[in-house]
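Quick notes on the structure that follows.
The values are calculated or read from the model by the stated rules, or taken from the named source; none is laboratory data. Fair warning: this is a prediction, and the values are worked out from it, not measured in the lab. Cβ atoms come from the backbone with ideal geometry, glycine included; neighbour counts cover every protein chain shown. Calculation scope for accessible area: heavy atoms of the full protein, side chains included, ligands and nucleic acids excluded. Shrake-Rupley method; radii C 1.70, N 1.55, O 1.52, S 1.80 Å.
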Amino acid sequence: MPWVIHEAVRRSLGSEHPISTDCLREYKIYVSTQTDDDFNYLISYVGEENLVIGTDYGHGDTSSELNAIARFQALGELSAEVKRKILSENPKRLYGI
């Protein structure tokens, strides 16, 4: 994500509608993460408001992580508040629930 945001900002320089580094929030863009992502790095760069967990639940192929929610909840590096946002609040906003 840092590269994508940096590249979007760079490419928009001088345009009529420049993009800011806060573009995920501004444009309501959500990013699906995996349980082995470096969450501290991601959050330090893009914040915690637009991240969700992707599981492919119900789609049983080799990329599925059917126990993603339990694995994510077991991560010791994130606070309970951040986990609640990523697992509950952010998906509710994403899906308009």
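Provide TYR45, TYR95 ordered by accessible surface of protein heavy atoms (probe 1.4 Å), highest first.
Descending accessible area places them as TYR95, TYR45.
Going by amide H atoms built from the backbone, whose H comes under 5 Å of the H on ILE53, apart from near neighbours?
Amide H to amide H, under 5 Å and 5 or more residues apart or across chains, ILE53 pairs with THR33.
To the nearest 10 degrees, how steeply does helix 2-12 sit against the main Cα axis of the chain, on a 0 to 90 scale?
Helix 2-12 and the main axis of the chain meet at about 20 degrees.
With every protein chain present, what is the per residue accessible area of the chain (1.4 Å probe, Å²)?
On a per-residue basis, 67 Å².
Considering the zone a paramagnetic label at ALA8 would reach in this model (a point 7 Å from Cα along the Cα-to-Cβ line), which residues of the stretch 29-53 have amide N under 18 Å from it?
29-34, 42-53
Explain nothing, just compute: Karplus ³J(HN,Hα) = 6.51 cos²θ - 1.76 cosθ + 1.60, θ = phi - 60°, for every residue of the stretch 76-89 in order, whole Hz, x for Gly and Pro.
x, 7, 10, 6, 4, 5, 5, 4, 4, 4, 5, 8, 10, 5
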